[in-house]
Amino acid sequence: MLGIIQAAGWPIWPLLACSIAALALIFERIYSLQTPRVIPPHLLDEVLALPQPALLNHASIEQLKTHCALGEILVAGLQHMQDKPGSSESELRAVVEASGRRVNGKLEHYLSALGSIASVAPLLGLFGTVVGMIEIFGSQTPGAGNPAQLAHGISVALYNTAFGLVIAIPSLVMWRFFRNKVDRFTVELEIAAERLVRHFFTSKNSK
């Protein structure tokens, strides 16, 4: 590996930094976007199965606060109904929608950075290719060439091009994977928020 880095020349260092950053972002998102950390199975059903006095209990709300992304949305709605029990359906819906936007922002955290790496890495590889080509042309002095400089220029050009693609392709694939996952979670959270609103006002209207 050290031999490859030396053969690729100094343009490889920005690409190495991109590769480390991309790996860190991918592992962080894999951990943060696990289903139990976003929308645990059966959590919404368990919450809505509680009678309203227990649902609006301070202890129940505190327990949900640090539970997951879904818990954050549920807590926003429950706290609003606890503080303003006479709220209308539109007011409650506005509160949970605002909380949903905050949660969605957290789910999308670092995705733009990963997408930027996927876009920038091929350009950095191309930059390394240009540097290598400059070295190649510089080795062709009139009357005599420099074989060592020629070989080094070719190495710089090829290694940087390849390394840029090796970083960009997995980064782009993972960005698309996480993007689809966040979109799916967003839809599920919207459905959960709507169920919470309907739960309160169906109960009120049935009394």
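The values are calculated or read from the model by the stated rules, or taken from the named source; none is laboratory data. Keep in mind the model is a prediction, meaning the values are calculated, not measured. Cβ sites come from the backbone with ideal geometry, for glycine too, and all protein chains shown count toward neighbours.
If a residue has to be of a type in the set (S, T, Y) and over 13 Å from S171 (Cβ atoms) to count, how many in segment 13-33 make the cut? Number satisfying all stated conditions: 2. Across segment 29-74, the number of residues qualifying as of a type in the set (S, T, N, Q) and at pLDDT 85 or above comes to 3. Here R179 qualifies as part of a helix (DSSP H, G or I), under 25 Å from the mean Cα position of the chain (by Cα) and charged (D, E, K, R). Looking only at segment 176-194, decide whether some residue is among the hydroxyl-bearing types (S, T, Y), within 30 Å of S90 (Cβ to Cβ) and at pLDDT 90 or above. Looking through segment 176-194, at least one residue is among the hydroxyl-bearing types (S, T, Y), within 30 Å of S90 (Cβ to Cβ) and at pLDDT 90 or above. Looking across V103, V96, one residue alone is assigned to a helix (DSSP H, G or I), within 21 Å of the chain's Cα centre (by Cα), crowded, with 19+ Cβ neighbours inside 10 Å and not acidic (D, E). It is V103.
Test L2 against the criterion of being of a type outside the set (K, R), modelled with pLDDT under 70 and over 30 Å from G86 (Cβ atoms), and give yes or no.
Working: of a type outside the set (K, R): yes; modelled with pLDDT under 70: yes; over 30 Å from G86 (Cβ atoms): yes.
Criteria met by L2.
Would you pick out the residues in segment 114-125 that are surrounded by fewer than 14 Cβ atoms within 10 Å (Cβ to Cβ) and among the hydrophobic types (A, V, I, L, M, F, W, C)?
L123
Within segment 95-118, being in contact with a Leu (Cβ under 9 Å, 6 or more places away or on another chain) and aliphatic (A, V, I, L, M) holds for V96, V103, L107, L111, A113, L114, I117, A118.
The residue list G77, G164 contains one member that is modelled with pLDDT of 80 or more and closer than 30 Å to H199 by Cβ, which is G77.
Evaluate segment 44-63: report whether one residue or more is touching a Gly at 6+ places or on another chain (Cβ under 8 Å) and either surrounded by 11 or more Cβ atoms within 10 Å (Cβ to Cβ) or free of Cβ contacts under 8 Å to residues at least 12 places away in the same chain (or both). Quick ask: steps written out before the conclusion?
If we filter segment 44-63 for residues that are touching a Gly at 6+ places or on another chain (Cβ under 8 Å), which is where we start, we get none.
No, every residue in segment 44-63 fails to be touching a Gly at 6+ places or on another chain (Cβ under 8 Å) and either surrounded by 11 or more Cβ atoms within 10 Å (Cβ to Cβ) or free of Cβ contacts under 8 Å to residues at least 12 places away in the same chain (or both).
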